[in-house]
Amino acid sequence: MAKRTRKSQKRQNRAKASAPKVDYHAKDRWFTVAKVLLAVSPLIALAYLQTASITVNGDLQGVLRQNPEMTVSFLASMTGPFAAYLLGFVQKHLHAGDGSYAMTNLTLIMIAEAMLKNAFYFIVIVVLMFFTLRMTDVNPIQGFRRKLHDHFLRDISGSLVLIAFSAFCLFASVQIGING
């Protein structure tokens, strides 16, 4: 019995050794660039507001009161650092080999960026999804199916918060008539 166990372990070890090894760190640069861009988005929005405040005698609050479109855009830019924070978790799970977690959360972050009508960050997330698909062979549907029975709500809770805030921003932009 012990010999069979040792033989089966040797076979498993050979199978692991012959399986192609995936370098999950190969696309770390792309994740880092995406996280930095998302993290600085409020600063870019604040600089834009600051230049617009020149018309209101340097009063930033005056710009926010007079122009609700800028207020909603500023609020939408505040989702960037949280999305960057979530991308950090996605990257950690990707390094651990959990492609389902990565693809599920990237899909939800992509939906949030679509709700914010943010085409640039939407494309960035789609590119990250493509790289994740190439590394893990897990597409979004497979990711959701695999995660559905494995702590689904715990794993997507951060992305759901992001989607809820994005829905709020979308509602506000529709109410004041921002056309994307």
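Points worth noting:
- Criterion (farther than 16 Å from Phe165 by Cα and assigned to a helix (DSSP H, G or I)) met by exactly one of Met129, Met110: Met129
- Listed by first and then second residue, the pairs with beta-carbon distance under 6 Å, at least 6 apart or on different chains, first residue in segment 102-122 and of a type in the set (Gly, Ala, Ser), second open to solvent by less than 10 Å² (accessible area, probe 1.4 Å), are Ala102/Val90; Ala102/Leu94; Ala102/Thr132; Ala112/Leu162; Ala112/Ser166.
- Test for Pro140: is it without any contact (Cβ under 8 Å) to a residue 40 or more places away in the chain and either under 26 Å from His25 (Cβ atoms) or in contact with a Lys or Arg (Cβ under 8 Å, 6 or more places away or on another chain) (or both): yes
- Here Phe165 meets the list (1) hydrophobic (A, V, I, L, M, F, W, C); (2) under 21 Å from Ala39 (Cβ atoms); (3) more than 13 Å from the chain's Cα centre (by Cα); (4) at pLDDT below 95 almost entirely, failing just condition (4).
- Pairs, first within 19 Å of Ser77 (Cα to Cα) in segment 47-64, second surrounded by fewer than 13 Cβ atoms within 10 Å (Cβ to Cβ), C-beta under 8 Å, six or more apart: Leu60/Gln50; Val63/Thr55
- Of residues in segment 132-180 being open to solvent by less than 20 Å² (accessible area, probe 1.4 Å) and of a type in the set (A, V, I, L, M, F, W, C), the one farthest from Met103 (Cα to Cα): Cys169
- Among the residues examined, Ala83 does not qualify as without any contact (Cβ under 8 Å) to a residue 60 or more places away in the chain, surrounded by 24 or more Cβ atoms within 10 Å (Cβ to Cβ) and small (Gly, Ala, Ser).
- Pick from segment 82-139, criterion more than 24 Å from Phe171 (Cβ to Cβ) and of a type in the set (Lys, Arg), ranking: modelled with the lowest pLDDT: Arg134
- Test result for Ser173, over 13 Å from the mean Cα position of the chain (by Cα) and small (Gly, Ala, Ser): yes
- Boolean, Ala76 is in contact with a Lys or Arg (Cβ under 9 Å, 6 or more places away or on another chain) and open to solvent by less than 10 Å² (accessible area, probe 1.4 Å): no
- Which listed residue is farther than 12 Å from Leu162 by Cβ, aliphatic (A, V, I, L, M) and touching a Ser or Thr at 6+ places or on another chain (Cβ under 9 Å), from Met103, Met78: Met103
The values are calculated or read from the model by the stated rules, or taken from the named source; none is laboratory data. All of these numbers come straight from a predicted model, not from anything done at the bench. Cβ atoms come from the backbone with ideal geometry, glycine included; neighbour counts cover every protein chain shown. These accessible areas exclude ligands, DNA and RNA; they are computed on the full protein's heavy atoms, side chains included. Shrake-Rupley method; radii C 1.70, N 1.55, O 1.52, S 1.80 Å.
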